[in-house]
Amino acid sequence: MDETLWNDVDRFFTDTLLVPDPVFDATLRAADDAGLPPINVSAPQGMLLHVLVRALGARRVLEIGTLAGYSTIWMARAVPDGGSVTTLELDPRHAEVARRNFARAGLDGVVELRLGPAVDSLAVIEQEGRGPFDFVFIDADKPSYPEYVRWALRLARPGTLVVVDNVVREGRILEAGSPEAIVVGTRRALEVMGAEPRLLVTAVQTVGSKGYDGFAVAVVTD
Ligand code: SAH
Ligand code: DHB
Ligand code: MG
């Protein structure tokens, strides 16, 4: 078992299950041309986000960490008419590429990108009374994950689904004494989720074109 096999299986899933779409190809090409890191979700993972948003009938989606908007587009295409995806991005270069990608995808009326540190945008979103969100995807800077989990709860309602990316990182999540802020933050976020009485939560390990990693998935209860 190796990464070549994981890649081949992801390609098989993509070819067998997903409808080829030039919008996604153009989105990733624009990201690559602009020199953005290729750390977007894979196509099968993007489709998982799409399926979850669709299954929930989520009308209001919050994403923390836009990059080039690849995962955003998967989710934005799953919301019903009148639905929206609010996506938060710190880096103006990433935001610029993402905005062009949303325009190309015909999603200007669906996606709202907020530029700046996500914690600041989240405070503004709360002040504006824009919650609750039906679906939250957390995928920005890992050291801030615990804060993002707390914000997701503040902006949620009973029934809100919260998905957290990159909770395994090739097993580095087990490094309890690690001084690395990424490990500390991700571990703490899982501890916060596990200790939160309003959450039913699990995590699943994944392999594929993004290596060995995993998602945490939680639903907010009453
Ligand atoms: N969800 C995207 C990938 C996001 S990569 C996809 O799957 O397509 C993580 C993104 O979070 C990067 O673009 C990075 O610039 C952004 N980011 C990092 N720190 C941030 C912060 N404090 N606030 C908002 N965004 C941040
Ligand atoms: C990285 C970040 C991600 O969100 C991801 O899915 C994969 C890798 C990273 O920063 O290396
Ligand atoms: Mg990620």
Contour minus Cα-Cα span, residue 174 to residue 91, at 0.36 nm per residue, comes to 26.9 nm
Once all protein chains are kept in place, residue 108 shows an accessible area at probe 1.4 Å, nearest 10 Å², of 100 Å²
Between residue 26 and residue 127, the two model label points (7 Å from Cα along the beta-carbon direction) sit apart by a distance in nm of 3.7 nm
With +1 on the Cβ of every Lys and Arg and -1 on the Cβ of every Asp and Glu, the dipole magnitude of the chain about its Cα centre, in debye rounded to the nearest 20, is 520 debye
Spelling it out for residue 215: with amide H atoms placed in the peptide plane at 1.01 Å from N, the residues 5 or more places away or on another chain with amide H under 5 Å from its amide H are 167, 204, 206
Check: C-alpha center the stretch 14-33 vs C-alpha center the stretch 152-211, spacing in Å is 27 Å
Plugging the Cβ-Cβ distance of residue 8 and residue 188 into 1/(1 + (r/R0)^6) at R0 = 41 Å yields, to the nearest 0.05, a FRET efficiency of 0.70
Most fluctuating of 167, 192, 136 in the GNM of the chain (C-alpha, under 10 Å) is 192
Residue-ordered couplings for the stretch 33-46, obtained by feeding phi - 60° into the Karplus form 6.51 cos²θ - 1.76 cosθ + 1.60 and rounding to whole Hz (Gly and Pro as x), are 4, 7, x, 6, x, x, 10, 5, 4, 6, 4, x, 5, x
Per the charge dipole of the chain (beta-carbon charges, Lys/Arg positive, Asp/Glu negative, Cα centre), the residue among 209, 51, 186 reaching farthest to the positive end is 51
Pseudo-spin-label distance residue 51 to residue 195, built 7 Å along Cα→Cβ, given in nm, is 3.4 nm
Note on the chain: contact order normalised by length, alpha-carbon pairs under 8 Å, 6 or more apart, percent, works out to 18 percent
Length gained, residue 81-residue 104, 0.36 nm per residue minus C-alpha separation, equals 6.4 nm
For the stretch 157-222 the mean separation of alpha carbon contacts under 8 Å (6+ apart) over residue count, i.e. relative contact order in percent, is 50 percent
Within the chain, excluding any GluC sites (Glu not before Pro) found in a DSSP loop (not H, G, I, E or B) and having at most 15 other Cβ atoms within 10 Å, the longest uninterrupted segment runs 1-127
Classified through the alpha carbon gyration tensor (a ≥ b ≥ c as square roots of its eigenvalues; rounded if a/c is under 1.5, else prolate when a/b is larger than b/c, else oblate), the stretch 1-121 comes out oblate
Counting only residues 5 or more apart in sequence or on a different chain, those whose built amide H sits under 5 Å from that of residue 59 are 134
Here the relative contact order (percent) of the stretch 83-130, from C-alpha pairs under 8 Å and at least 6 apart, is 49 percent
Here FRET efficiency (C-beta to C-beta, residue 154 to residue 181, R₀ 35 Å, nearest 0.05) is 0.95
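The values are calculated or read from the model by the stated rules, or taken from the named source; none is laboratory data. Here the structure is a predicted model, which means the values were calculated and not measured. Quick reminder, even Gly has a Cβ in these numbers, built from the backbone with ideal geometry, and neighbours come from all protein chains shown. These area figures cover heavy atoms from the full protein model, side chains too; ligands, DNA and RNA do not enter into them. Shrake-Rupley method; radii C 1.70, N 1.55, O 1.52, S 1.80 Å.
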